[in-house]
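The values are calculated or read from the model by the stated rules, or taken from the named source; none is laboratory data. Note that the coordinates shown come from a computational prediction; the quantities given were computed from them, not determined experimentally. Here the Cβ positions follow ideal geometry from the backbone for every residue, glycine too, while neighbour counts run over all protein chains shown. SASA here: full protein model, heavy atoms, side chains in, ligands and nucleic acids out. Shrake-Rupley method; radii C 1.70, N 1.55, O 1.52, S 1.80 Å.
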Amino acid sequence: MGVLNVTPDSFSDGGRYLEPSQALERADRLVAEGADLIDVGGESTRPRASPVSAEVEWGRVEPVLRGLVGRLAVPISIDTRHSEVAARAVEAGADFVNDVEGLRSETMRRVVARTGAGTVLMHMRGTPTTMQDDLEYADLRGEVTRWLAEQASAARAEGIAPEKIVLDPGLGFGKSPEQSLELLAHAGEFRSLGYPVLLGASRKSFLGWATDTKDPNERLEAGLVAAVIAAQQGVEIVRTHDVGATVRALKLLAAARDPGVRPPPGLTRVGAGQRSGFPSASTSISRTSAPR
């Protein structure tokens, strides 16, 4: 999943793709590098971020979404916690709703159910503005697992098909660096709930904490290691700003698992040829197996 932020204040690339023409060029590049899915966001959800209205968010993403539909050969995801934006985005052609609030809103659940969109349920306490205020967990992995299971059940009760659901433990969202590293190290456990798992570690502060790098743009190597750790545990989708490098790292992992089978020349997609056990994002979300 390639990250496309059309915001002025995202933590690592705020303002770089705010103009629609820049965003469209960026999306083309991400797909050329091997992205199987493009995630478009119009509101920064970094810690302590100031919220924006649905109207402002939609004003940022609408021209980009309309420009991408018909332009890209891969699905499009809208990264939003506003049900109004999600509804408009799917109507405009988005395929998935990536909600950092995990579909806590009944209105958001109804939008996803009504539109038939795929959805990513992410664990987060509070909002981006408040999520770092309470980092106390009696049982981190157990609590995150139970919360994701409950939200998935609520989504299904609202009419969202199980094959449309992907889970995300929310690294960096209401977690300390140590807690995010624990979730990364045990990411495969969340697959026990029977849904595909998405993991987003790219450029996040816990990587900087672990590697003593303050600049998010100097965390490439750490992000690649995180992607490999996730893939080794069977995580189906990696969300990243650095698509090309991540694809190459995961292709090496796939080759090491099966040295006798080499991807054909020109192959760039992580999941093309599912020998690696790490299917492409588009396959994982749109054709997932029903939960066990």
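Okay, here's what the table says:
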item	result
Any chance Leu171 is assigned to a loop (DSSP other than H, G, I, E, B) and over 18 Å from the mean Cα position of the chain (by Cα)	no
Flag if Pro75 is surrounded by fewer than 24 Cβ atoms within 10 Å (Cβ to Cβ), in contact with an Asp or Glu (Cβ under 9 Å, 6 or more places away or on another chain) and either under 17 Å from Gly116 (Cβ atoms) or in contact (Cβ under 8 Å) with a residue 60 or more places away in the chain (or both)	yes
So Asp168, is it closer than 21 Å to Val238 by Cα, acidic (Asp, Glu), at pLDDT 95 or above and open to solvent by less than 50 Å² (accessible area, probe 1.4 Å)	yes
So Val40, is it part of a helix (DSSP H, G or I), on the phi < 0 side of the Ramachandran plot, surrounded by 15 or more Cβ atoms within 10 Å (Cβ to Cβ) and not acidic (Asp, Glu)	no
Residue within the range 203-213 that is touching a residue at least 24 places away in the same chain (Cβ under 8 Å), in a helix (DSSP H, G or I) and touching a strand residue (DSSP E or B) at 6+ places or on another chain (Cβ under 7 Å) present	no
Lone unmet requirement of (1) open to solvent by less than 20 Å² (accessible area, probe 1.4 Å); (2) touching a residue at least 24 places away in the same chain (Cβ under 8 Å); (3) β-branched (Val, Ile, Thr) for Val97	(2)
Criterion violated by Thr107 - all others in (1) assigned to a helix (DSSP H, G or I); (2) crowded, with 18+ Cβ neighbours inside 10 Å; (3) of a type in the set (Val, Ile, Thr); (4) out of contact with any Pro (no Cβ under 7 Å at 6 or more places or on another chain) satisfied	(2)
Qualifying residue in the range 111-128 (condition: without any contact (Cβ under 8 Å) to a residue 40 or more places away in the chain and surrounded by 21 or more Cβ atoms within 10 Å (Cβ to Cβ))	yes
